[in-house]
Amino acid sequence: MQTLENQKNMISVGIIGGSGYTGKYLLKFCSAHPFIHSVTLYGKKTAGKSIYSIFPELSELMPDMIVTDASSLSYQHDVYFTALPHGEALLFVPQLIEAGKTVIDLGGDYRLENKTEYEKWYHQAHNSADLLQKKTYGIADYLHRVAYTESLIANPGCYPTATLLGLLPLAEYFSDRIISISTAAYSGSSGAGKSPKAELLLSEMHGNVRAYSVNTHRHQPEIEQNLRAYQYKSDYSFTTHLLPVAVGIYATSTVFTKEPVPQETLDFLYKKQYSDSPFVRVRESAPDLNWVVGTNFCDINISANGRTIVITSAIDNLIKGASGQAIQNLNKYFGWDETLGIIPKGIHCAKIPA
Ligand SMILES: NC(=O)c1ccc[n+]([C@@H]2O[C@H](COP(=O)([O-])OP(=O)(O)OC[C@H]3O[C@@H](n4cnc5c(N)ncnc54)[C@H](OP(=O)(O)O)[C@@H]3O)[C@@H](O)[C@H]2O)c1
């Protein structure tokens, strides 16, 4: 972890892939951050375009901003966010780390710990597999006791964020009692990014729900890897569904245990675990997606019935599942208040305007 003592100056940030959905919130949070003095947006097809032509709603924040071509990336920034389709971060991250820069990668290229697993699930070769073991997996609300020692932070996926924040306390304290875990998770269409896809047309999605990537979703090994880190040894299944909404992730995990775990024990454990987390709210009933869309909150409910425990969690995929958590990771890396840039002081529960 860096400290304010050795980071007296404010920092300069480069956002590579900044013209996409997650880039928009990175730009917004960086522009509100008291310790960031400049932000440069890098793109490919959008290079040369004005901020007004990409995010007209943000143009007042940075009226003169033009997207810079990522092929002329400057190495003068202190911190880089890579918000790129998977595979593309491999073109930038190794050189940036080699140059001594701090990188927070929002994609999936550095989340898994093992090259073979990456190549199996992502169907492509990894060019910097040594970094898979030299990164912090930035599940920001579960890293209270972990120092940020690596200059590469792999920001978790959106489904893993919602699912793991719901499951990790149980895995950490009760893994030996669990027979199996199964998660059914639901996402809005913005989870797939900005580029057009026929199956995401309003005419395909309206009034419709379907499962997709059954048994093949790349977030399954990411979730399993983190459960295994807490000695979870049993089966895990993960099924994703597309919801007819633009934004939001909802995850429902069903856990079967060998013996009942009392509700009071679970309530105590979850409240204690998240008592220091400004962005996790343990709720008394299953959350609505509406409670979290437009915020950096993860709302969680845990409900026990004999040997069955049901955990529901909800997040905004673009904020808590991506850019909000990435800024939290930046703040934690430098030892700053983790809410900086994400929410203005005094309006903790307010939604972030789109
Ligand atoms: N959407 C979510 O809910 C979500 C949540 C968590 C994590 N993520 C992950 O975050 C990453 C970004 O997601 P997103 O939804 O923001 O995607 P997106 O909307 O599709 O944006 C991707 C951006 O990457 C840029 N790009 C692509 N190739 C490039 C290159 N070689 N050089 C420079 N820029 C390049 C594109 O810019 P041009 O148009 O200029 O080419 C585009 O603006 C993905 O890995 C995704 O899996 C997404």
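Please work out which residue is surrounded by the fewest Cβ atoms within 10 Å (Cβ to Cβ), limiting yourself to the stretch 176-195 and to residues that are at negative phi and within 11 Å of the ligand (Cβ to nearest atom).
Checking each candidate, the answer is Ser195.
Taking the numbered list (1) away from the ligand (no atom under 13 Å from the Cβ); (2) modelled with pLDDT under 95 in turn, Asp78 passes all entries but (2). On the given criteria, is Glu204 closer than 25 Å to Ser303 by Cβ and away from the ligand (no atom under 15 Å from the Cβ)? Here the answer is no, as Glu204 does not meet what is asked. Cβ-Cβ contacts under 8 Å between residues 6 or more apart (or on different chains), taken from a first residue in the stretch 58-75 that is away from the ligand (no atom under 14 Å from the Cβ) to a second residue that is assigned to a loop (DSSP other than H, G, I, E, B), are listed as Tyr75/Ala99; Tyr75/Lys101.
Scan the stretch 311-328 for residues that are of a type outside the set (A, V, I, L, M, F, W, C), over 10 Å from Asn296 (Cβ atoms) and more than 10 Å from the ligand (Cβ to nearest atom) and jot them down. Even if it seems obvious, please write down each step before you answer.
The first filter runs over the stretch 311-328 and keeps only residues of a type outside the set (A, V, I, L, M, F, W, C), leaving 312-313, 316-317, 320-321, 323-325, 328.
Next cut, over 10 Å from Asn296 (Cβ atoms) only: 312-313, 317.
Answer for the stretch 311-328, where residues must be of a type outside the set (A, V, I, L, M, F, W, C), over 10 Å from Asn296 (Cβ atoms) and more than 10 Å from the ligand (Cβ to nearest atom): Thr312, Ser313.
Taking (1) in contact (Cβ under 8 Å) with a residue 12 or more places away in the chain; (2) closer than 23 Å to Tyr232 by Cβ in turn, Val146 satisfies each apart from (1).
Selection over the stretch 15-50 of residues that are away from the ligand (no atom under 15 Å from the Cβ) and surrounded by fewer than 19 Cβ atoms within 10 Å (Cβ to Cβ) gives a count of 6. Scanning the stretch 124-175 for residues that are in contact with a Phe, Trp or Tyr (Cβ under 7 Å, 6 or more places away or on another chain) and of a type in the set (D, E, K, R), we see that the one that is surrounded by the most Cβ atoms within 10 Å (Cβ to Cβ) is Asp141. If I filter the stretch 218-228 for residues that are more than 22 Å from Tyr122 (Cα to Cα), part of a helix (DSSP H, G or I) and assigned by TED's automatic domain parsing to the domain that holds Glu172, do I get at least one hit? No, the stretch 218-228 contains no residue that is more than 22 Å from Tyr122 (Cα to Cα), part of a helix (DSSP H, G or I) and assigned by TED's automatic domain parsing to the domain that holds Glu172. Which one is nearest to Tyr122 (Cα to Cα) among residues in the stretch 74-94 that are small (Gly, Ala, Ser) and out of contact with any Leu (no Cβ under 7 Å at 6 or more places or on another chain)? The selected residue is Gly87.
Look at Leu106 and say whether it is closer than 14 Å to Gln325 by Cα, in the same structural domain as Thr240 (by TED's automatic domain parsing) and either free of Cβ contacts under 8 Å to residues at least 24 places away in the same chain or not small (Gly, Ala, Ser) (or both).
Numbers: closer than 14 Å to Gln325 by Cα: yes; in the same structural domain as Thr240 (by TED's automatic domain parsing): no; either free of Cβ contacts under 8 Å to residues at least 24 places away in the same chain or not small (Gly, Ala, Ser) (or both): yes.
No: the conditions fail for Leu106.
When the stretch 128-163 is filtered for residues that are more than 16 Å from the ligand (Cβ to nearest atom) and among the basic types (Lys, Arg), the ones remaining, listed by number, are Lys134, Arg145.
For the stretch 91-108, name all the residues that are crowded, with 17+ Cβ neighbours inside 10 Å and more than 10 Å from the ligand (Cβ to nearest atom). Passing the criteria: Val93, Leu96, Ile97, Lys101, Thr102, Val103, Ile104. Taken over the stretch 229-259, the residue count meeting the criterion of being of a type outside the set (Phe, Trp, Tyr), assigned to a loop (DSSP other than H, G, I, E, B) and either touching a strand residue (DSSP E or B) at 6+ places or on another chain (Cβ under 8 Å) or over 13 Å from Leu170 (Cβ atoms) (or both) is 11.
One residue is enough: does the stretch 210-222 have a residue meeting the conditions aliphatic (A, V, I, L, M) and crowded, with 16+ Cβ neighbours inside 10 Å? Can you show your working first?
Going residue by residue through the stretch 210-222, those that are aliphatic (A, V, I, L, M) are 211, 214.
Now narrow it down to the ones that are crowded, with 16+ Cβ neighbours inside 10 Å: none.
No: the stretch 210-222 contains no residue that is aliphatic (A, V, I, L, M) and crowded, with 16+ Cβ neighbours inside 10 Å.
The values are calculated or read from the model by the stated rules, or taken from the named source; none is laboratory data. All values reported here derive from a predicted model rather than from experimental measurement. Cβ atoms come from the backbone with ideal geometry, glycine included; neighbour counts cover every protein chain shown.
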